[in-house]
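One structure is given below, encoded as structure tokens.
The values are calculated or read from the model by the stated rules, or taken from the named source; none is laboratory data. In this text, all values refer to a predicted model and were calculated from it rather than measured experimentally. Using ideal geometry, Cβ is built from the backbone for each residue, glycine included, and neighbour counts are taken over all protein chains shown.
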Amino acid sequence: MKSVLNRSLWSRLSVDPVHSGRPPSRDHRERSNSRVFTHARNLAALLFVPLMYSQTMVEHGADVFAKTCATGYCHGTKGAGGGAPKLAGRGFDEALIVSVTRAGVPGTAMQGYGTILARPDFNAVVAYVASLNGIEARSTETAVRPLSGEAARGRDLFSDPLRGFARCSTCHQVDGTGIAVAPIVNAPASLRDISTSHVRIVIEGGDRFPALVVSQGGRRTSLYDLSVLPPVMRTVESSALKVDGAASWRHVLGSYSDGELRAIGAFLRSVK
Amino acid sequence: MRFLFAVLSVCAFAEDGATHNDWPQHGGTSLFWRYSALDQINTSNVKRLTPAWAFQTGDYEMGFQATPIVMGGVLYVSTSRNNVYALDAATGALIWQYKYPAPRGAVVYGPQNRGVAVAAGKVFMGTYDNYVVAIDQKTGAEAWKVNVEDSKQCGCNITAAPLVVKDTVIVGGTGGDSAHRGYLTAFDVKNGRLKWRFYTIPGPGEKGHETWKGDSWKFGGGATWMTGSYDPDLNLVYWGVGNASSDFYAADRDGANLYTNSVIALDPESGKLRWHYQEIPKDVWDFDSSYESVLIDREVRGRMRKLLVHVNKGGFAFVLDRTNGEFIGAYPIIDNYNWITGVTEDGKLVGRNEPVAGKPTYICPGAAGGKSWNQIAFSPRTGFIYTPSLEVCNDLVAGKQDVKEGASFFGGNFIMKPPPKGPAHSHVDAYDPVTGKRQWSFPYKYALLASMLATAGDLVFTGDPEGNFFALDARTGAKLWSFQTGAGHRGSSVTYAVNGRQYVATPTGWGSLVSNALTPVWPEAETFRSGSTLMVFALPESGQ
């Protein structure tokens, strides 16, 4: 394994000189890389300069890859390919590896890991896939927007799986999580005060139900039927419907306590 | 002779599970026999079978995995990206098409679809981004669409055909290899409103919750990724439940892990559990029990019983009393198995061979299964079930994995390996469904991953990955006819009649997770062709 340090960056950072000329012993190299990397990483995080891949990062990436990417029907051991494409020796450049790992490939099983993997794991797996393609140094670091403790709790509550359908994400999408039935506009300080005056009463035969009308015109009307969660997008003959006045429908917030709603509010404000 | 058999058959079995002119449900009928009473095409004339028409969908990603539905001379079929076509079943002419909008971003498990359900004037389908849609049966216009759960969050989507019981449409989902808690969800056929949800893993305070350690129940698998059966007399829905997660590493979920790897019986109106039978407690091999349940009535030890025959990924057929879930018997449908040494007379697994953390353990069959999801068939005329088996093993490595909701959660990895003696291969067999006595075996050198279709013409139809669609003699296993369709087979053929002419329709087009992962044992798998063409066969019209 060759040195994985980016020398020009190294010299810019002006820390202790690394080995030059004669290669150091393996032990020395690993210790040195690890120490130097930590130092450089701290500086890099501070200065937003490109990071380098260290041997430990690549090794950690290999571990993440084995558990996450090589599994089952996907990329195979060491990226040799399986159900999903081979990743080793493909001549991928870093930008491609970062963007595909982060965002996935639309229409395929390759999901974006930008939000699934913790940042150190993400960077490490990119470093590993880069190493499978002969790339040994470069950047993956981007500024991460930190959430406050309360906002982070709010994010989890927003899409809390233990609440079944009685959670915000059943109807709202924030930061890519949830179903975009209705946008969140001007969330008030107290979420219990959200106005829902745009929810209408719809009469269809003998059935009266609250609905969010999406389009009404011509022969067909599209609406979200809010009788029960989850909302149902329905397309009905306009002649079979009557859209009445505002419904007394209220948000289904019953599963959340006041404190939990405050946390969700903090989350919504922080991602604005 | 044939007449005599027919009379005997009627005496032995109610013909409830047979289809006639239509192929109205995913498994033929709700009893899931995949058997048609049509016999115009039979052992004496099948060699004259010839293409009648073909329909190319153009949507070949992950292959063409569907079971067509035929009702009143119209054939309904879905593709992997959830496009639906209504076709004239006699000519292939397009009546309407429904193009599903492409979801933004990636989709967990990729685009795959195994069929629609048609009932109450609508065509129902689960989608690869985890919605259920209802389409007007006459016009193809979307009537309603409802999200089951955010696909990216749950690591799940829908590939299976829905099951409609009266005014309820029931859908299962994938997610067994994700950090996911499985469930079935039921909607009102009229307006898509939620009727019930049944979690396959009991929550705190529910019976069975004690079979999970700590928080492991929250993401313990139990996906319901194939289609259930329904017995109208007992008014019970039967569904197979998939593996526990993480698949191979179980130290964090020590316990039986109910109701993973079980058959569950539910009330279709309320979704309440009536009984369950767990085939594999604490699964550590990814041996889903999510496959089809075949409902037949047969004499067992002198007494007529209402039975359920269910093959799981471990390569064992389980026979249960479907009134109460009582274990009747179990038998292997594969030759190579070492994950257990057998099953006792009261249904206990003996000699478990479990993977260990950090080093490979050679296990047969492999995680792809002694049988994949392609479905078995039952003929009341022969009294046999027809099963597709895979003789493939794997090296399993277990490993502790941090859990993150919706993310991949295998807890290890597998590499396919050939069985101990000789190369990987597969076979179609005929078995007595109760005793497991093998009647005949049809061997094949690669993986047979298309469903079985049995007919009253005493034929068994299926297809192979090289592109051949073929017919076997249901009594002897002799190959009577074969046709090269040009692409591999991973779907489920059906048969139906229009204006007195019998047709056999099969999707062609290789693909799916398992199909795409076979190269370690079959390098030739690189040559198996994808595609997405419905091929339809019939006998030449008279005079030709």
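So A:Val185 passes all but one of these: (1) within 20 Å of B:Trp196 (Cα to Cα); (2) assigned to a loop (DSSP other than H, G, I, E, B); (3) of a type outside the set (Asp, Glu). Which condition number does it fail?
All conditions pass for A:Val185, except number (1).
Within segment B:412-425, track down each residue that is modelled with pLDDT of 95 or more and not in a strand (DSSP E or B).
The answer is B:Pro418, B:Pro419, B:Pro420, B:Pro423, B:Ala424.
Do we have any residue at all in segment A:116-125 that's away from chain B (no Cβ under 14 Å) and either at pLDDT below 85 or more than 19 Å from the chain's Cα centre (by Cα) (or both)?
Of segment A:116-125, the ones away from chain B (no Cβ under 14 Å) are A:123.
Now narrow it down to the ones that are either at pLDDT below 85 or more than 19 Å from the chain's Cα centre (by Cα) (or both): none.
For segment A:116-125, residues away from chain B (no Cβ under 14 Å) and either at pLDDT below 85 or more than 19 Å from the chain's Cα centre (by Cα) (or both): absent.
Let me spell it out: the conditions are (1) assigned to a strand (DSSP E or B); (2) under 17 Å from the mean Cα position of the chain (by Cα), and B:Tyr291 meets all of them except one. Which number is the exception?
Failed condition: (1).
Just to verify a result, which residue in segment B:490-541, among those that are outside any loop (DSSP other than H, G, I, E, B) and among the charged types (D, E, K, R), is farthest from B:Asp288 (Cα to Cα)? It would help to see each step written out before you state the result.
Taking segment B:490-541 first, the residues outside any loop (DSSP other than H, G, I, E, B) are B:494-498, B:501-508, B:515-517, B:523-527, B:533-538.
Imposing the further condition that a residue be among the charged types (D, E, K, R) reduces the set to B:501, B:524, B:526.
Details: B:Arg501: 39, B:Glu524: 27, B:Glu526: 27 Å.
So, considering only residues that are outside any loop (DSSP other than H, G, I, E, B) and among the charged types (D, E, K, R), the one farthest from B:Asp288 (Cα to Cα) is B:Arg501.
Need the failing condition index for A:Tyr224 against (1) more than 14 Å from every other protein chain (Cβ to nearest Cβ); (2) touching a residue at least 40 places away in the same chain (Cβ under 8 Å); (3) part of a strand (DSSP E or B); (4) out of contact with any Lys or Arg (no Cβ under 7 Å at 6 or more places or on another chain), just the number.
(1)
For segment B:61-153, which fully contained strands (runs of 3 or more DSSP E) count at least 2 residues that are more than 10 Å from chain A (Cβ to nearest Cβ)? Working first, answer last.
On the way: elements: B:69-71, B:74-78, B:84-88, B:94-98, B:117-119, B:122-126, B:131-136, B:142-147.
Where strands (runs of 3 or more DSSP E) fall fully within segment B:61-153 and carry at least 2 residues being more than 10 Å from chain A (Cβ to nearest Cβ), they are B:69-71, B:74-78, B:84-88, B:94-98, B:117-119, B:122-126.
Just checking, does segment B:272-280 include any residue being out of contact with any His (no Cβ under 9 Å at 6 or more places or on another chain), in contact (Cβ under 8 Å) with a residue 24 or more places away in the chain and crowded, with 24+ Cβ neighbours inside 10 Å?
Within segment B:272-280 (the criterion being out of contact with any His (no Cβ under 9 Å at 6 or more places or on another chain), in contact (Cβ under 8 Å) with a residue 24 or more places away in the chain and crowded, with 24+ Cβ neighbours inside 10 Å), the answer is yes, since at least one residue qualifies.
Among the residues of segment B:470-521, which ones are within 14 Å of chain A (Cβ to nearest Cβ), touching a helix residue (DSSP H, G or I) at 6+ places or on another chain (Cβ under 6 Å) and surrounded by fewer than 24 Cβ atoms within 10 Å (Cβ to Cβ)? Break it down stepwise before answering.
Step one: list which residues in segment B:470-521 are within 14 Å of chain A (Cβ to nearest Cβ), which gives B:490, B:510-521.
Subset that is touching a helix residue (DSSP H, G or I) at 6+ places or on another chain (Cβ under 6 Å): B:490, B:518-519.
Within segment B:470-521, B:Thr519 is the sole residue that qualifies.
Test B:Val428 against the stated conditions and say whether it is assigned to a strand (DSSP E or B) and within 23 Å of B:Thr527 (Cα to Cα). Please lay out each step first, then the result.
Values: assigned to a strand (DSSP E or B): yes; within 23 Å of B:Thr527 (Cα to Cα): yes.
It is true that B:Val428 is assigned to a strand (DSSP E or B) and within 23 Å of B:Thr527 (Cα to Cα).
How many residues does segment B:317-359 contain that are farther than 27 Å from B:Trp440 by Cβ and of a type in the set (Gly, Ala, Ser)?
5
Consider B:Gly457 carefully, then state whether it is in contact (Cβ under 8 Å) with a residue 60 or more places away in the chain, more than 14 Å from every other protein chain (Cβ to nearest Cβ) and either on the phi > 0 side of the Ramachandran plot or more than 22 Å from the chain's Cα centre (by Cα) (or both).
Values: in contact (Cβ under 8 Å) with a residue 60 or more places away in the chain: yes; more than 14 Å from every other protein chain (Cβ to nearest Cβ): yes; either on the phi > 0 side of the Ramachandran plot or more than 22 Å from the chain's Cα centre (by Cα) (or both): yes.
Yes, satisfied.
Answer yes or no: is there a residue in segment B:249-257 that is within 16 Å of B:Leu307 (Cα to Cα), more than 21 Å from the chain's Cα centre (by Cα) and polar (S, T, N, Q).
Checked segment B:249-257: no residue is within 16 Å of B:Leu307 (Cα to Cα), more than 21 Å from the chain's Cα centre (by Cα) and polar (S, T, N, Q).
Taking segment A:59-90, which residues are more than 9 Å from chain B (Cβ to nearest Cβ) and among the aromatic types (Phe, Trp, Tyr)?
A:Phe65
Considering only residues that are buried (at least 21 other Cβ atoms within 10 Å of the Cβ) and aromatic (Phe, Trp, Tyr), which ones fall in segment A:66-106?
The one that is buried (at least 21 other Cβ atoms within 10 Å of the Cβ) and aromatic (Phe, Trp, Tyr): A:Tyr73.
May I ask you to verify whether A:Leu229 is of a type in the set (A, V, I, L, M, F, W, C), out of contact with any strand residue (DSSP E or B) (no Cβ under 6 Å at 6 or more places or on another chain) and at the interface with another protein chain (Cβ under 10 Å from one of its Cβ atoms)? Talk me through it step by step, then tell me what you get.
Details: of a type in the set (A, V, I, L, M, F, W, C): yes; out of contact with any strand residue (DSSP E or B) (no Cβ under 6 Å at 6 or more places or on another chain): yes; at the interface with another protein chain (Cβ under 10 Å from one of its Cβ atoms): yes.
Yes: the conditions hold for A:Leu229.
All but one of (1) within 14 Å of chain B (Cβ to nearest Cβ); (2) farther than 22 Å from A:Ser248 by Cα; (3) modelled with pLDDT of 95 or more hold for A:Gly154; which doesn't?
(1)
Can you tell me how many residues in segment A:91-115 are assigned to a helix (DSSP H, G or I) and more than 8 Å from chain B (Cβ to nearest Cβ)?
Here is the first cut: in segment A:91-115, the ones assigned to a helix (DSSP H, G or I) are A:94-103.
Those still in the list that are more than 8 Å from chain B (Cβ to nearest Cβ) too: A:94-102.
The total comes to 9.
Is it the case that segment A:200-215 has a residue that's part of a loop (DSSP other than H, G, I, E, B) and within 14 Å of chain B (Cβ to nearest Cβ)? Spell out the reasoning first.
Within segment A:200-215, the first condition is being part of a loop (DSSP other than H, G, I, E, B), and the residues that meet it are A:205-206.
Filter once more, keeping what is within 14 Å of chain B (Cβ to nearest Cβ): A:205-206.
Within segment A:200-215, one or more residues are part of a loop (DSSP other than H, G, I, E, B) and within 14 Å of chain B (Cβ to nearest Cβ).
Going by the conditions given, is B:Trp339 within 21 Å of B:Val241 (Cα to Cα), in contact with a Gly (Cβ under 8 Å, 6 or more places away or on another chain), in a loop (DSSP other than H, G, I, E, B) and in contact (Cβ under 8 Å) with a residue 12 or more places away in the chain?
Details: within 21 Å of B:Val241 (Cα to Cα): yes; in contact with a Gly (Cβ under 8 Å, 6 or more places away or on another chain): yes; in a loop (DSSP other than H, G, I, E, B): yes; in contact (Cβ under 8 Å) with a residue 12 or more places away in the chain: yes.
When the stated conditions are applied, B:Trp339 passes them.
Could you figure out which of (1) surrounded by fewer than 22 Cβ atoms within 10 Å (Cβ to Cβ); (2) β-branched (Val, Ile, Thr); (3) within 14 Å of chain A (Cβ to nearest Cβ); (4) touching a residue at least 40 places away in the same chain (Cβ under 8 Å) isn't true of B:Thr533?
(3)
Check B:Ile264, B:Ile201 and return the single one that is in contact (Cβ under 8 Å) with a residue 40 or more places away in the chain and away from chain A (no Cβ under 14 Å).
On the way: B:Ile201 fails: away from chain A (no Cβ under 14 Å).
Going through B:Ile264, B:Ile201 in turn, the sole match is B:Ile264.
Please enumerate the residues belonging to segment A:197-221 that are touching a residue at least 40 places away in the same chain (Cβ under 8 Å), over 22 Å from B:Ala141 (Cα atoms) and surrounded by 15 or more Cβ atoms within 10 Å (Cβ to Cβ).
A:Val199, A:Arg200, A:Ile201
Give me the residue from segment A:169-196 that is within 14 Å of chain B (Cβ to nearest Cβ) and among the hydrophobic types (A, V, I, L, M, F, W, C) and, out of that set, surrounded by the fewest Cβ atoms within 10 Å (Cβ to Cβ). Steps first, answer last, please.
Here is the first cut: in segment A:169-196, the residues within 14 Å of chain B (Cβ to nearest Cβ) are A:169-182.
Remaining after also requiring among the hydrophobic types (A, V, I, L, M, F, W, C): A:171, A:174, A:179-182.
Numbers: A:Cys171: 22, A:Val174: 20, A:Ile179: 21, A:Ala180: 15, A:Val181: 18, A:Ala182: 17.
Only one residue tops the list, namely A:Ala180.
Which of the following residues is aliphatic (A, V, I, L, M), closer than 14 Å to A:Ala182 by Cβ and surrounded by 18 or more Cβ atoms within 10 Å (Cβ to Cβ): A:Val236, A:Val252, A:Val232? First the steps, then the outcome.
Working: A:Val236 fails: closer than 14 Å to A:Ala182 by Cβ; A:Val252 fails: surrounded by 18 or more Cβ atoms within 10 Å (Cβ to Cβ).
So the residue among A:Val236, A:Val252, A:Val232 that is aliphatic (A, V, I, L, M), closer than 14 Å to A:Ala182 by Cβ and surrounded by 18 or more Cβ atoms within 10 Å (Cβ to Cβ) is A:Val232.
Of all residues in segment B:465-475 being out of contact with any Phe, Trp or Tyr (no Cβ under 6 Å at 6 or more places or on another chain) and assigned to a loop (DSSP other than H, G, I, E, B), which is nearest to B:Val77 (Cα to Cα)?
B:Gly467
Taking segment B:167-198 on its own, how many of its residues are within 21 Å of the chain's Cα centre (by Cα), more than 10 Å from every other protein chain (Cβ to nearest Cβ) and outside any strand (DSSP E or B)?
Residues flagged as within 21 Å of the chain's Cα centre (by Cα), more than 10 Å from every other protein chain (Cβ to nearest Cβ) and outside any strand (DSSP E or B) within segment B:167-198 amount to 6.
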